[in-house]
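These notes concern the structure reproduced below.
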Amino acid sequence: MTDLSAIVAPLLAWYRLHARKLPWRENPTPYRVWISEIMLQQTRVETVKPYFHRFLAALPEVSKLAAAPEEELQRLWSGLGYYRRARQLQRAAQQIMNEHHGVFPSRYEQVRALPGIGDYTAGAILSIAFNQPEPAVDGNVLRVLARLTDCRDEVQNPAVRRRFAGALRAVYPAGRCGDFTQSLMELGAVVCTPQRTPDCAACPLAAHCLARVRGSVDQLPVRTPVRERRSEQRTVLMLLHENRVALRRRPPHGLLAGLWEFPNREGELAPEELKTLLTERGLEPEGFTPGPAARHLFTHLEWRLSSWFIRCRNAAGADELHWVPREALGRDYPLPAAFRACQKALLNMKLV
């Protein structure tokens, strides 16, 4: 096993001087650490900050999260993306209330058993909030360790992750577990970055880095190539009757499961096609105005969106349509970020 004991002292000294001031690092209770770590998954720090403040203000403790209405949870999460994270947060909160009497568990097996919590998040909570020597090995930490040890193995391999986790667990400093976990995260986020030329001159571990000595920094870490995103064209229908707009719920499973959205169809549809489609569903469209175009990236899918404002003589249509006041968009009916441009255009539109 790789001996990492030499990195502990210089890394902690560097972190004490250079750690960013982040809201979740203040008063790192298990609940605050947990919420921040889930929000930060595949999301930039600067994006998360306002969401974290808003979420904690509305749902400051596990019991509030467990009992929150679905619409409130969606509203607080709206725009962060990866909405399954919010649903799993609530399921985990309900499990904590039911199985742990509302007290966040402090044993690894119990934390790991909560919905939405994997090895990394469990390690982050236990080390940062409970000061336990439990590693949190994410992409940033894997990159740092691969370069430090000049590791040519594929870092997403579970065996490689376990090996690095074991090496870290052996050197966790008593009483400084939270700082040690966060110092590794911080180093990967601001110094040992994914760029081919990270800031090695500013790195407190430069003297211990085998990749720097051997000139292989730009080759590491070794990763399996990410598969290309599939691209999908969709037409968004902003159906208007008087001051109401039609929304529908997405299916309970799959992409954006259970969230509100504007009705939309695959393909780039012209007004004639849309008129036929809507008439068949009991609506009486009387005017078509082009709306904004947009592009939205999911993990393995790209949506290319065109849109239409469509005035209707009636507010009937299929049972799936839910007609809501225009001003309720975002406030009472949060929409996924994919529809942000359409929502903004609709709210700014002057109705005559």
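The values are calculated or read from the model by the stated rules, or taken from the named source; none is laboratory data. Computed from a predicted model, the values in this text were never measured in an experiment. Here Cβ is always computed from backbone atoms with ideal geometry, including for glycine, and neighbour counts include all displayed protein chains. The accessibility values were calculated without ligands, DNA or RNA, using every heavy atom of the protein model including side chains. Shrake-Rupley method; radii C 1.70, N 1.55, O 1.52, S 1.80 Å.
List of remarks:
- Here the spin labels are modelled as points 7 Å beyond Cα on the Cα-Cβ line, and at residue 266 and residue 244 they lie 3.1 nm apart.
- Selection from 110, 305, 149, by position along the positive dipole direction of the chain (Cβ): 149
- Using a Förster distance of 45 Å, the FRET efficiency for residue 297-residue 13 (Cβ separation, nearest 0.05): 0.70
- Largest to smallest principal axis extent of the C-alpha atoms in segment 264-322, angstrom: 37, 24, 17
- Rounded to whole numbers, the Karplus 3J(HN,Hα) couplings from phi for segment 271-288 are x, 4, 5, 5, 4, 4, 4, 6, 4, 4, 9, x, 9, 10, x, 10, x, 10 Hz, using 6.51 cos²θ - 1.76 cosθ + 1.60 with θ = phi - 60°, and x at Gly and Pro.
- Between residue 132 and 127, the built amide H atoms are under 5 Å apart, and every one of these is 5 or more places off in sequence or on another chain.
- Residue-level accessible surface for residue 32, protein heavy atoms, 1.4 Å, Å²: 50 Å²
- For segment 60-74, 3J(HN,Hα) computed residue by residue from phi via the Karplus equation (6.51, -1.76, 1.60; θ = phi - 60°) reads x, 8, 4, 4, 5, 5, 4, 9, 5, x, 4, 5, 5, 4, 5 Hz, glycine and proline entered as x.
- Under 5 Å, built H, 5+ apart or other chain: amide partners of residue 222: 155
- Relative contact order of the chain, pairs being alpha-carbon contacts under 8 Å that are 6 or more residues apart, as %: 16 percent
- 22 Å Cα-Cα reach of residue 21 towards lysines, excluding residues that sit fewer than 8 places from it in its own chain: 49
- Extension gain for residue 162 to residue 320 (0.36 nm times residue separation, less C-alpha to C-alpha distance): 52.1 nm.
- Size of segment 1-131 as Cα extents on the principal axes (Å, biggest first): 49, 32, 24
- The angle between the Cα long axis of helix 158-169 and the main principal axis of the chain comes to about 50°, on a 0 to 90 degree scale.
- Proximity of backbone amide H atoms, modeled 1.01 Å from N, is registered between residue 291 and 307, 308, 309 at under 5 Å, excluding neighbours fewer than 5 places apart on the same chain.
- Potential lengthening between residue 152 and residue 22 on full extension [0.36 nm per residue; Cα-Cα distance subtracted]: 43.5 nm
- Residue 7 accessible area, 1.4 Å probe, all protein chains in place, Å² to nearest 10: 10 Å²
- Contact order for segment 1-151, expressed relative to its length and based on alpha carbon pairs under 8 Å spaced 6+ residues apart, stands at 20 percent.
- Ranked order, 87, 44 - accessible area, probe 1.4 Å, largest first: 44, 87
- Principal-axis analysis of the Cα atoms of the chain puts helix 45-58 at an angle of about 70° to the longest axis.
- The structure-derived value of Cα Rg over 2.2 N^0.38 Å appears in the list (1) 1.01; (2) 1.19; (3) 1.06 under the label (2).
- Taking all protein chains together and a 1.4 Å probe, the residues 295, 304, 25, 147 rank 295, 304, 25, 147 from largest to smallest accessible area.
- Computed from Cα positions, the angle between helix 119-128 and the longest principal axis of the chain comes to roughly 60 degrees.
- Of 102, 215, 139, the residue with the greatest mean-square motion in the GNM of the chain, using alpha carbon springs below 10 Å, is 215.
- Summary of the geometry: segment 21-86 and segment 238-258, compared by the centres of their Cα atoms, lie 24 Å apart.
- Label-zone membership for segment 152-191, site residue 45, 7 angstrom Cα→C-beta point, backbone N under 20 Å: 177-191
- With all protein chains in place and ligands, DNA and RNA left out, the 1.4 Å accessible area ranks 172, 82, 120 as 82, 120, 172, largest first.
- Per DSSP, loop GluC sites (Glu not before Pro) in segment 38-84 with at most 15 further Cβ within 10 Å: 61
- Förster-model FRET efficiency, 51 Å R0, residue 196 and residue 61, C-beta, rounded to 0.05: 0.70
- Straight-distance crosslink candidates among lysines, where the alpha carbon sits under 26 Å from residue 275 and sequence neighbours closer than 8 are dropped: 344, 350
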